[in-house]
Amino acid sequence: MIRKKSVPFDFVLELLAEMEPYTKLMFGCTSVYVGSRIVFILRDRGNPAPDDGVWIATTADHHASLRAELPSMRDIELFGPGPTGWQVLPVSADGFEESVRLACEMVLKGDERIGKTPKTKLGRSSEKTKKTSRVEKKIARGSAKKKKAGSSESPALQTPKSSNKSRKR
């Protein structure tokens, strides 16, 4: 029997319930989405422990204003020095649950400082679509050339020309 991992800090999902959040596993953590936007990553891995908590999807432009409302928010140590687009409310901080509740209220109110729309990745199906559309463009160009040459039939209705060589049976 496969045991399903529990979602760390699942009270976040309860707080956002009216917005119908959904989760995805990401890097051994649980990402939380509202609509098409990722808003949080819930991390309780213990390695490194200082980064366990609720990661907030934001941008460097919003760090100062968010930190004024969420004083325990800080850079994620795992990412190295310097600001990133993610910040953490560490589980080890005093008032962790209260800070997370406040961050969830911001999301519920539509605060644009929290949340990012992930970039889409080109997958195999996208590559196929590109190839197909290139082929379709070539076919269309070929059809246009035939029409200019005076062909009255559409390319789909034209019968293939048989070769002069007779077939042996």
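Matching residues to (1) in contact with an Asp or Glu (Cβ under 8 Å, 6 or more places away or on another chain); (2) surrounded by 14 or more Cβ atoms within 10 Å (Cβ to Cβ):
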| residue | (1), (2) |
| --- | --- |
| Gly28 | no, no |
| Ser36 | no, no |
| Val39 | no, yes |
| Arg43 | yes, yes |
| Asn47 | no, no |
| Thr58 | no, yes |
| Leu66 | no, yes |
| Gly85 | no, yes |
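Quickly run through the stretch 83-95 and pick out the residues that are under 18 Å from Ser31 (Cα atoms) and out of contact with any Gly (no Cβ under 7 Å at 6 or more places or on another chain). Before the answer, list the steps.
Just the residues of the stretch 83-95 that are under 18 Å from Ser31 (Cα atoms), to begin with: 84-91.
Those that are under 18 Å from Ser31 (Cα atoms) and out of contact with any Gly (no Cβ under 7 Å at 6 or more places or on another chain): Thr84, Gly85, Trp86, Gln87.
Let me spell it out: the conditions are (1) in contact with a Leu (Cβ under 9 Å, 6 or more places away or on another chain); (2) of a type in the set (Asp, Glu); (3) surrounded by fewer than 16 Cβ atoms within 10 Å (Cβ to Cβ), and Asp51 meets all of them except one. Which number is the exception?
(3)
Just to be sure before I move on: is Ser31 in contact (Cβ under 8 Å) with a residue 24 or more places away in the chain and small (Gly, Ala, Ser) in the structure I sent? Break it down stepwise before answering.
Numbers: in contact (Cβ under 8 Å) with a residue 24 or more places away in the chain: no; small (Gly, Ala, Ser): yes.
Here the answer is no, as Ser31 does not meet what is asked.
Restricting to the stretch 39-67, name every residue that is in contact with a helix residue (DSSP H, G or I) (Cβ under 7 Å, 6 or more places away or on another chain), under 14 Å from Val107 (Cα atoms) and of a type in the set (A, V, I, L, M, F, W, C).
The answer is Val39, Phe40, Val54, Ile56.
Where the second residue is assigned to a helix (DSSP H, G or I) and the first is surrounded by 14 or more Cβ atoms within 10 Å (Cβ to Cβ) and lies in the stretch 97-108, which pairs have Cβ atoms under 6 Å and are six or more apart or on separate chains?
These pairs meet every condition: Cys104/Leu15.
With the stretch 1-79 as the region, which strands (runs of 3 or more DSSP E) entirely inside it contain at least 2 residues that are among the β-branched types (Val, Ile, Thr) and touching a strand residue (DSSP E or B) at 6+ places or on another chain (Cβ under 7 Å)? It would help to see each step written out before you state the result.
On the way: elements: 22-26, 29-34, 37-43, 53-57.
Strands (runs of 3 or more DSSP E) meeting the threshold: 29-34, 37-43, 53-57.
Every read-out reported here was derived from the displayed coordinates using simple, explicitly stated rules and does not represent laboratory data. The model shown is predicted, which means the values in this text are computed figures rather than measured ones. Positions of Cβ are generated from backbone atoms using ideal geometry, with glycine treated the same way; all protein chains shown enter the neighbour counts.
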